[in-house]
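Novice: There's a structure below that I have some questions on.
The values are calculated or read from the model by the stated rules, or taken from the named source; none is laboratory data. Please read all numbers here as calculations on a predicted model, not as lab measurements. In this analysis, Cβ positions are derived from the backbone assuming ideal geometry, glycine residues included, and neighbour counts consider all displayed protein chains. Ligands, DNA and RNA are stripped out before the accessible areas are found, and what is left, the full protein with its side chains, is counted by its heavy atoms. Shrake-Rupley method; radii C 1.70, N 1.55, O 1.52, S 1.80 Å.
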Number of protein chains: 2
Amino acid sequence: MNLRELSDLLGLSQTTVSRALNGYPEVREATRKRVAEAAKAHNYHPNTRAKSLATGRTMSIGHVIPLSSQHEMVNCVFSDFIAGAGESYARRGYDMRVSVVDDAEEAEAYMRLAQTGKVDGVIVHGPRLDDERIPLLHNLGLPFVVHGRSTNCETPYSWLDVNNRSAFRRATDFLLDLGHRRFGLVNGIEEMDFAHRRRDGYTSALQDRGIVVDPALTHAFEMTEPFGYAKTCEMLDGDAPPTAIIASSLIPALGVRRAVEERGLVMGKDVSIICFDDALSYLPNGAGSPIFTATRSSVRDAGRRCGEMLMDQIEGQTTDPVHELWEAELVVGGSTGPAPMAT
Amino acid sequence: MNLRELSDLLGLSQTTVSRALNGYPEVREATRKRVAEAAKAHNYHPNTRAKSLATGRTMSIGHVIPLSSQHEMVNCVFSDFIAGAGESYARRGYDMRVSVVDDAEEAEAYMRLAQTGKVDGVIVHGPRLDDERIPLLHNLGLPFVVHGRSTNCETPYSWLDVNNRSAFRRATDFLLDLGHRRFGLVNGIEEMDFAHRRRDGYTSALQDRGIVVDPALTHAFEMTEPFGYAKTCEMLDGDAPPTAIIASSLIPALGVRRAVEERGLVMGKDVSIICFDDALSYLPNGAGSPIFTATRSSVRDAGRRCGEMLMDQIEGQTTDPVHELWEAELVVGGSTGPAPMAT
DNA sequence: ATCGTTTTCCAAAGCGCTTTGGATATCTGC
DNA sequence: GCAGATATCCAAAGCGCTTTGGAAAACGAT
């Protein structure tokens, strides 16, 4: 059943039927009702392809995820983000178009999305320092919202970010207040903007108290359990093991804990652990009381909000770049405690 | 730059230009070259919307993910699956359209996808027993491939599944051979077909050795860390604690381990643990030697293959339903050992 | 009754591509 | 040199919707 068949059936023109269904005012209430009923009775639904050709809108948002052998973008965090974004999309009749591309072809993927008119806008994931995607999208004229920020980028753009610097600063201060003086950092890859800012918050907190950052105790890599484990083993087995470790995410923190406990040490007593918790729905930081003391901010909520910001932009409800900086909350769990007496 | 502009510029008809670019034979090699060069020079890319209206094909595959407050479909496993599927899609010029829907509207979402012509086919995730989506899609005539199977479903359909029954049977046998006689099961929700089959493999292995399944030691719920933890606490603190626990996934297994170690018990000695490992890229079961003894099958590979099966079906390369049953491999890690002497 | 509005509807022209059904030009073999 | 095949190209008709620019009908005020 297409529009022509439906309008023939009703003895009306396609124009009128189309307008009736799309809520235009120039159609009598009685006819509108008649049309609506016929549409429902015959289970008519406008063909999306034709509709988007006619309107120039696709009602879909692009997410391009680079698939490199090195960094795993398609991870837990990503899936919770899109769950949130998808919710917002659904509420306003959009959906999401995901393209997985080799990371060497990422820029080209964005160009293709813009040129072929596949999407109405895109979300930029995992911005790096001075991220080249931002000026690219700006020039392409494709609406976009960045989840995170890009240090050094001069192009104006809309973003939503967690205050990673203050989150790690507060985490570090919290541990300092507990008497810890020797820290380990298990960070994410520091070309990523969020990891860069976290490192910055961490070092600035230490420097403010006159503590020198030990390069042997700062690590940055993929946020996996084995990485957290391996680096913690190294640190604990080294000359001057840390009494507190800050991890970039719950997942490496699990590895940190494994290394700690494997050595017969007690978490929260011998070694304190703080991590960043993205509040992932399927990997909660304990039920009820948190396992790990953590700086928490829901990535799912971020997805929801990013989606809304982008749709607003597409629909022209906003024109200037919009920024939102969210503060993470510090939740205290069982993984932290006063620094042990010096050995 | 659209087709008309390009053809005007070349002094050719749209027909010829279109054919030249799409590799049809009725165009001279010299003109084809000339067209290709002009297209590249002017950065011409055909408009996707127009193309799909004309061809009736969208070159995209639908994934609908129900978002219930109860079960979290959008989880780690899902994101690795779509990474694999996305790879296959990209290789053949497809991409993926994800719609997040309230789980009450799931059936309607599939109908809408079919009626509005948004996608060329869909992947069905997380089939339940007697899953109603399968006959629905069959009737709609929309090509689909099921990741998993649906017990009791009579409609013929294409699927790819891991042999969950044999995986759990082998895991149970492995533990039986080590002398364990008292087991705990931390399963997924048993309305889900995969969890149902796993339970079946588990109970049949026990029954074959004349062991009665203790309902107090079999649990089924969301596959989260806190659930694994909570149920293991219950079991270990009960009258007759198990010496071996089988978990449905790495994530609850982490909770199981936490409960075990919290009680001063040693994993692989006091309590053996086996889990199903989906070989998630960002949550590997150890680097090098596995942490957990596990039955392993890569969900990412499954995504890749499902994508291919579906595209083959869409392009008419296959006509009859296709089935693939993958065997999981049993990898032995440090979480299992001989049953402790009876207390 | 008449003229200007307003309401209600429609025919037709896109949107940018593919594809059908020729038309014209170029080869064959004899 | 010519009929028949073959290679090369084109005009025009879709695909199924939206939207423009009226036309016809109904209405209101004089």
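Novice: I need the full set of residues from region B:284-313 which are part of a loop (DSSP other than H, G, I, E, B), over 22 Å from B:ILE123 (Cβ atoms) and not aromatic (Phe, Trp, Tyr), in order please.
Specialist: Within region B:284-313, B:PRO284, B:ASN285, B:GLY286, B:ALA287, B:GLY288, B:SER289, B:PRO290, B:ILE291 qualify.
Novice: Moving on. Among the listed residues B:ILE61, B:ILE123, B:ILE134, B:ILE82, which satisfies the condition of being in a helix (DSSP H, G or I) and more than 9 Å from chain A (Cβ to nearest Cβ)?
Specialist: Details: B:ILE61 fails: in a helix (DSSP H, G or I); B:ILE123 fails: in a helix (DSSP H, G or I); B:ILE82 fails: more than 9 Å from chain A (Cβ to nearest Cβ).
Criteria check complete, one pass: B:ILE134.
Novice: Considering only residues that are more than 8 Å from DNA strand D (Cβ to nearest atom), not in a helix (DSSP H, G or I) and not hydroxyl-bearing (Ser, Thr, Tyr), which ones fall in region B:1-52?
Specialist: B:MET1, B:ASN2, B:GLY23, B:HIS42, B:ASN43, B:HIS45, B:PRO46, B:ASN47
Novice: Select from region A:8-45 the residues that are hydroxyl-bearing (Ser, Thr, Tyr) and more than 7 Å from DNA strand C (Cβ to nearest atom) and list them in ascending order.
Specialist: The first filter runs over region A:8-45 and keeps only residues hydroxyl-bearing (Ser, Thr, Tyr), leaving A:13, A:15-16, A:18, A:24, A:31, A:44.
Within region A:8-45, A:SER18, A:TYR24, A:TYR44 meet the criteria.
Novice: In addition: Within region A:89-114, take every residue that is of a type in the set (A, V, I, L, M, F, W, C) and more than 10 Å from every other protein chain (Cβ to nearest Cβ) and give me the one that is surrounded by the most Cβ atoms within 10 Å (Cβ to Cβ).
Specialist: Across region A:89-114, the extreme among qualifying residues is A:ALA107.
Novice: Does region B:262-273 include one or more residues that are more than 14 Å from chain A (Cβ to nearest Cβ), open to solvent by less than 10 Å² (accessible area, probe 1.4 Å) and closer than 17 Å to B:ASN164 by Cβ? Please lay out each step first, then the result.
Specialist: Looking only at region B:262-273, we keep the residues that are more than 14 Å from chain A (Cβ to nearest Cβ), and these are B:270-272.
From the residues that got through so far, the ones that are open to solvent by less than 10 Å² (accessible area, probe 1.4 Å) too are B:271-272.
Going one step further and asking which of them are closer than 17 Å to B:ASN164 by Cβ, we end up with none.
No; the residues of region B:262-273 include none that is more than 14 Å from chain A (Cβ to nearest Cβ), open to solvent by less than 10 Å² (accessible area, probe 1.4 Å) and closer than 17 Å to B:ASN164 by Cβ.
Novice: For region A:274-293, state whether one or more residues are free of Cβ contacts under 8 Å to residues at least 60 places away in the same chain and among the polar types (S, T, N, Q).
Specialist: Checked against the condition, which is being free of Cβ contacts under 8 Å to residues at least 60 places away in the same chain and among the polar types (S, T, N, Q), region A:274-293 yields at least one hit.
Novice: Something else: When region A:47-58 is examined, which residues are found to be more than 7 Å from chain B (Cβ to nearest Cβ) and open to solvent by 40 Å² or more (accessible area, probe 1.4 Å)? Don't jump to the end; show me each part of the working.
Specialist: Of region A:47-58, the ones more than 7 Å from chain B (Cβ to nearest Cβ) are A:51, A:54-57.
If the condition is that a residue be more than 7 Å from chain B (Cβ to nearest Cβ) and open to solvent by 40 Å² or more (accessible area, probe 1.4 Å), then A:LYS51, A:ALA54, A:THR55, A:ARG57 are the ones that fit.
Novice: A further question follows. Answer with yes or no whether A:GLY141 is of a type outside the set (A, V, I, L, M, F, W, C) and in contact with a strand residue (DSSP E or B) (Cβ under 8 Å, 6 or more places away or on another chain).
Specialist: No; evaluated as a whole, the condition is false for this residue.
Novice: Can you tell which of A:ALA216, A:ALA205 is of a type outside the set (Phe, Trp, Tyr), without any contact (Cβ under 8 Å) to a residue 60 or more places away in the chain, surrounded by fewer than 22 Cβ atoms within 10 Å (Cβ to Cβ) and not in a loop (DSSP other than H, G, I, E, B)?
Specialist: Just one listed residue meets the conditions, A:ALA216.
Novice: Kindly indicate whether any position in region B:229-242 is crowded, with 24+ Cβ neighbours inside 10 Å, part of a helix (DSSP H, G or I) and not hydroxyl-bearing (Ser, Thr, Tyr). Don't jump to the end; show me each part of the working.
Specialist: Quick first cut of region B:229-242, residues crowded, with 24+ Cβ neighbours inside 10 Å only: B:231-232, B:235.
Those still in the list that are part of a helix (DSSP H, G or I) too: B:231-232, B:235.
Checking the rest, the ones that are also not hydroxyl-bearing (Ser, Thr, Tyr) come to B:231, B:235.
Yes, that holds for at least one residue.
Novice: Right, another one. Among residues belonging to region B:22-46 that are more than 13 Å from every other protein chain (Cβ to nearest Cβ) and touching a residue at least 24 places away in the same chain (Cβ under 8 Å), point out the one that is surrounded by the most Cβ atoms within 10 Å (Cβ to Cβ).
Specialist: Initial filter on region B:22-46 (more than 13 Å from every other protein chain (Cβ to nearest Cβ)): B:22-38, B:41.
Still in the list and also touching a residue at least 24 places away in the same chain (Cβ under 8 Å): B:34-35, B:38.
Details: B:ARG34: 16, B:VAL35: 22, B:ALA38: 18.
In this case the residue turns out to be B:VAL35.
Novice: Looking at (1) surrounded by 22 or more Cβ atoms within 10 Å (Cβ to Cβ); (2) farther than 18 Å from A:TYR89 by Cα; (3) within 16 Å of DNA strand C (Cβ to nearest atom), which one does A:VAL119 not meet, given that it meets all the others?
Specialist: Unmet condition: (2).
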